[in-house]
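Coordinate-derived values only; no laboratory data. Please read all numbers here as calculations on a predicted model, not as lab measurements. As a convention, Cβ positions derive from the backbone with ideal geometry for all residues, glycine included, and neighbour counts pool all protein chains shown.
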């Protein structure tokens, strides 16, 4: 039986990879918001569908987490969280993400106050930056989940690094 805490045994994900995965997950919400009616409620429902239903059916991985080789696990057992934990987690993140998408899509020079709608998402996620041991954001702590690295995924970050290295070699020649 393991006596050390689970957060010391599982591989943590760097903040830049988590931010990239969040951006990949926000893209479909932003596209639907731009193409269809710009509605906070629609953004939030699409977010819940992509981050709760898809994640529960895909072993803890959303589209962004799959692209960057990470998944959400239950903090106590290290397995994929249930629907209740995912819903608690993504309601907090979804409100922040929906406000951010709504603020960015309605941004114009005369109404820059819409940019303030990004602040709730930044506050929620910045807690993980200041937590050196667990690297948990507020929504992770609230739902007792954590984001860990996995081998299952597309490895987009590694592929982009290879493409950039190849491009640099090509330019030097």
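Can you find a residue in the range 28-38 that is surrounded by 20 or more Cβ atoms within 10 Å (Cβ to Cβ) and touching a residue at least 60 places away in the same chain (Cβ under 8 Å)?
Looking through the range 28-38, at least one residue is surrounded by 20 or more Cβ atoms within 10 Å (Cβ to Cβ) and touching a residue at least 60 places away in the same chain (Cβ under 8 Å).
In the condition set (1) surrounded by fewer than 18 Cβ atoms within 10 Å (Cβ to Cβ); (2) part of a helix (DSSP H, G or I), residue 44 is compliant with all but (1). Screening the range 47-71 for residues that are out of contact with any helix residue (DSSP H, G or I) (no Cβ under 9 Å at 6 or more places or on another chain) and part of a helix (DSSP H, G or I) and picking the one that is farthest from residue 148 (Cα to Cα) gives 49.
All of 107, 10, 92 fail the test of being touching a strand residue (DSSP E or B) at 6+ places or on another chain (Cβ under 7 Å) and farther than 20 Å from residue 154 by Cβ, apart from 10.
Tallying residues that are surrounded by 19 or more Cβ atoms within 10 Å (Cβ to Cβ) and part of a helix (DSSP H, G or I) within the range 6-19 yields 2.
Only one of the listed residues (64, 60) is within 13 Å of residue 25 (Cα to Cα) and under 14 Å from the mean Cα position of the chain (by Cα). That residue is 64.
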